[in-house]
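What follows draws every value from the coordinates through simple rules; no lab data is involved. Values in this document were obtained by computation on a predicted structure and should not be read as measured data. Methodologically, a virtual Cβ is constructed for each residue, glycine included, from the backbone with ideal geometry; neighbour enumeration extends over all protein chains shown.
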Amino acid sequence: MKPALDDLGTDLLTTRRWQRRLALARPLLGVAAYVLAAALGLWWLTPLIMFGIFVAVVTVTHDVVHRSIGLGPRATEWALFLCGLVLLESGHAYRATHLQHHRAFPSAPSDDPEGYPAHLGPFGAVCYGPVFLVRLWWWAYRRPLAQRRWLLAEAALPVLVIAAGTFIPALLWYAAVAVVGSWVYPLLTVYLPHHDFGDTPLTQTRTLRGRVIPAMFLELTYHLEHHLYPQVPSHQLAELGRRLDPFLAASGVRPHRVI
């Protein structure tokens, strides 16, 4: 049985005001960096900036979905909408399917649209990329309690952005990289963390430890820790991992080491 969060320390749930503001600001700072690079003609730099935007958006949206950074109900809805808009995605569809993933994985793929690529091989996960977000949106839209106005708005705005991009090359390039970049989600965020999963909470996913790679991904590589304690915000996952080390070692779980 995993340790109670009270025993590990409820300070792990703490998000300071500056941490919340930084998490919410990162995607906008990334967009500002993209605009500056485009204005200066530094197109070679834009894919690197887009990588940073992807990591920033995924991280903060993850925390917003789990209500772990202290936003109220109204702010949560708008944060999902605006963070998703940065990458032309649906934050509300992600919330519906991600929470279902935590409830259902590793049950039948039909019950867990987000976790479905974990049941595919790496090649299958790559091929599934272009339809992944579409399927998540459709699954969320069909739910009885779906927030369909949000979902419809989140489906329409990317179309408008791409249409506007036909007159603004920098915007069209941004949209193209955002859409194509999302095709790696099934491989990077589902298959690689979950493949060869077992039947117990400690074997359903894995954790990557190191200094460079976890920092590049804003601690999202601590995937096992997140599944065990989804209420802990991303900026506390490294500390959660350190406190869990004795338990993981006693349970025979070896973190994967990266740089």
Among the residues of region 109-158, which ones are within 17 Å of residue 195 (Cβ to Cβ) and among the aliphatic types (A, V, I, L, M)? 118, 120, 125, 126
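Just to be sure, is residue 189 outside any helix (DSSP H, G or I) and among the polar types (S, T, N, Q)?
Numbers: outside any helix (DSSP H, G or I): no; among the polar types (S, T, N, Q): yes.
In short, no.
Taking region 200-259 as the search range and keeping residues that are part of a helix (DSSP H, G or I) and either on the phi > 0 side of the Ramachandran plot or of a type in the set (Lys, Arg) (or both), which one is surrounded by the most Cβ atoms within 10 Å (Cβ to Cβ)?
From region 200-259, those part of a helix (DSSP H, G or I) are 212-216, 223-228, 234-250; that's our starting set.
From what's left, either on the phi > 0 side of the Ramachandran plot or of a type in the set (Lys, Arg) (or both): 242-243.
On the way: 242: 11, 243: 15.
That would be 243.
State the number of residues belonging to region 161-184 that are of a type outside the set (Val, Ile, Thr) and within 22 Å of residue 125 (Cβ to Cβ).
Counting residues in region 161-184 that are of a type outside the set (Val, Ile, Thr) and within 22 Å of residue 125 (Cβ to Cβ) gives 5.
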Quick check on region 168-177. Is at least one of its residues farther than 27 Å from residue 117 by Cα and not in a helix (DSSP H, G or I)? yes
Considering (1) under 20 Å from residue 96 (Cα atoms); (2) within 20 Å of the chain's Cα centre (by Cα); (3) not aliphatic (A, V, I, L, M), say which one residue 143 fails and leave the rest. (2)
Members of region 81-125 found to be of a type in the set (Gly, Ala, Ser) and either part of a loop (DSSP other than H, G, I, E, B) or buried (at least 20 other Cβ atoms within 10 Å of the Cβ) (or both), listed by number: 84, 90, 91, 93, 96, 107, 108, 115, 118, 121, 125
Specify which of the listed residues (171, 145, 136, 152) is touching a Ser or Thr at 6+ places or on another chain (Cβ under 6 Å) and hydrophobic (A, V, I, L, M, F, W, C). 136
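Across region 127-145, what is the total count of residues that are in contact (Cβ under 8 Å) with a residue 40 or more places away in the chain and surrounded by fewer than 17 Cβ atoms within 10 Å (Cβ to Cβ)? Can you show your working first?
Going residue by residue through region 127-145, those that are in contact (Cβ under 8 Å) with a residue 40 or more places away in the chain are 128-130, 132-133, 136-137, 139-141, 143.
Filter once more, keeping what is surrounded by fewer than 17 Cβ atoms within 10 Å (Cβ to Cβ): 130, 143.
Total meeting the criteria: 2.
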